[in-house]
Each structure stands twice: as structure tokens, then as C-alpha cells.
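Please treat every number below as a calculation from the coordinates, not as lab data. Worth saying up front: this structure is predicted, and the values here are computed from it rather than measured. Positions of Cβ are backbone-derived with ideal geometry, glycine not excepted, and every protein chain shown enters the neighbour counts.
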């Protein structure tokens, strides 16, 4: 997504993985990626609203905080607990 000139925000809740990825030399060439350590279910309200949100772990329901951070017409893509892809749109 970053190579398509999109502004990308990512939240990692595993400190070891967050630190390890930050050490990769190629990450420095992706200036449009903003990395955060924390609870992904809370999102990043200070950078909202977002056009799209991609949720990686399968989940039963979408956290309300993420829905609140979508722009009107925004989209959340996620997998349910059956690992079936779902799309949620905000009008």
C-alpha cells in the first residue's frame, strides 16, 4: 500500500515484533508508513478519520472505536471467526 503512495498506519501489540520490524533497513525507505505500538482495538484516534481499516486477526465483532474512526463511506475489511472475509461499510 505504501508503494502506491498511500499513507499507512499500523499498530502492533507485540513489543518484540514491533522492535524487530523497526530494525529492518528497508523500512526507512517507506516514509508513508507510521508505526505504533499499542492496542489495535483502540485504533489511532489522533489520526482519524480513515478511508479504510484492515484488521488482521479474526474476530467476532468489530471494535466500536474502529468504526468511529472511519470516514463516511469508509470500509473495514476483516475476517470473522470462521476466517471468512467480511467487508463493513459506513454510510
Residue list for segment 63-91, filter: surrounded by fewer than 16 Cβ atoms within 10 Å (Cβ to Cβ) and part of a loop (DSSP other than H, G, I, E, B): 80, 81, 82, 83, 84, 90, 91
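Go through segment 43-54 and give me each residue that's touching a helix residue (DSSP H, G or I) at 6+ places or on another chain (Cβ under 8 Å), touching a residue at least 24 places away in the same chain (Cβ under 8 Å) and either in a loop (DSSP other than H, G, I, E, B) or farther than 14 Å from residue 75 by Cβ (or both). Lay out the reasoning, then the answer.
Initially, segment 43-54 is screened for residues touching a helix residue (DSSP H, G or I) at 6+ places or on another chain (Cβ under 8 Å), giving 43, 45, 48, 53.
From the residues that got through so far, the ones that are touching a residue at least 24 places away in the same chain (Cβ under 8 Å) too are 43, 45, 53.
Listed by number, the residues that qualify are 43, 45.
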